[in-house]
Amino acid sequence: MLRPVLILSLLAGLAGVAVAQTTPVPAKRPVFEQDVDFYGGDLRAIFDTTLDLCRSACTAEQTCQAFTYNTRAAACFLKTDVTRRDPYQGALSALMVPRSADQMALAQDRASALGFLEPGQVSAARDQAERIALDYRGGSDAEARLVQARRMAQAGDPRGAMQQAAVAIALADRPDMWLTYSEYANAIETDDYSERRQLRREALLAAINGWLRAPDGPMQAAAGLRLAQALETSGDGRRSIDALRLALEPGPRRDLEAALERAQRLFGFRITETNVDSDAASPRVCITFSEP
């Protein structure tokens, strides 16, 4: 028989998932502190659970602003606030940073413009955001991490640069960080086909995340361009045309217009083949188009 607290933890986790699935970006995101116990403000405890379910439970609780997860005991403690921080080996604590109503509305508006993507890609991008927050937890100084990422990229280490950008994302979750992460994921060269495919997908999802968070203006243009580049690199040049059109929405730019012309020439609606049968009793021409 499942213990009552375990049933509660599973229901809370499922509720958190249901909430997340209605929004293109998580409504709250965790910023972790390693080996730190948050004292005070206890909302409730959940035992025999996982870190991911602990985060989901806090996301689902409107009054939950933080949590502490005891890795030794697999126990989760949801918090309404934090009155003190105590060192504790094996504890993972996180403040849940809420997104503003304006940020959520922007993400919803940005997502509505991505109808040309394959079904499920926006949802996969949200999953990527939640995964990075968990996988690259416990870092510090997001800006310094981003500077380090750029240095590593310039030194020819895009893999290390990608990891540093991921830590920055886990700390600050800014659109420029997502675009940087996408760029470095795309820059990694490998002979392993499976890994290369995974990196291209990671770059595409990160570009989507950058787009969902990008404010109007230059950042919107940069996000649309990065999304177009990631789509083309992943073998979806036709959809890169739509992304470039999004990049041009803030206003005309010669480089983006040139990129759009190139993409339309390479991947747009066009004649791909012609066959002339002039010797038949009724001569004919067969024209093959790139799409219906």
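The values are calculated or read from the model by the stated rules, or taken from the named source; none is laboratory data. Model, not experiment: these values are computed from the prediction. Glycine also receives a Cβ, built like all others from the backbone with ideal geometry; neighbour counts cover every protein chain displayed. Calculation scope for accessible area: heavy atoms of the full protein, side chains included, ligands and nucleic acids excluded. Shrake-Rupley method; radii C 1.70, N 1.55, O 1.52, S 1.80 Å.
In this view, the solvent-accessible surface of residue 219, computed with a 1.4 Å probe and all protein chains in place, comes to about 50 Å². Summed over qualifying helices (DSSP H, 4 residues or more, each -39500 (n - 2.57)) and divided by its residue number, the chain shows a 222 nm mean residue ellipticity of -17500 deg cm²/dmol.
Rounded to the nearest 10 degrees, the inclination of helix 142-154 to the longest alpha-carbon principal axis of the chain is 40 degrees.
Computed about its Cα centre, the charge dipole of segment 203-243 is approximately 60 debye, with only Lys, Arg, Asp and Glu carrying charge at their Cβ. Along the positive direction of the dipole of segment 15-135 (beta-carbon charges: Lys, Arg +1; Asp, Glu -1; about the Cα centre), which of 93, 111, 74 reaches farthest? The listed residue farthest towards the positive side: 111. Nonpolar atom fraction for the chain, defined as the carbon and sulfur part of the 1.4 Å probe accessible area, stands at 52 percent. Expressed in units of 2.2 N^0.38 Å, where N is the residue count, the Cα radius of gyration of the chain is 1.22.
A crude spin-label estimate for the pair residue 285 and residue 254, with each label 7 Å from Cα along the Cβ direction, gives 3.7 nm. Counting only the backbone N, which residues of segment 57-88 are under 16 Å from the spot 7 Å out from the Cα of residue 39 toward its beta-carbon? Backbone N within reach: 68, 81-88. The dipole here belongs to segment 192-292: it is taken about the Cα centre, uses +1 on the Cβ of Lys and Arg and -1 on the Cβ of Asp and Glu, and is about 260 debye. Probing with 1.4 Å while keeping every protein chain in the model, the per residue accessible area of the chain equals 51 Å².
For the chain, the Cys residues with no second cysteine's beta carbon closer than 4.7 Å are 286.
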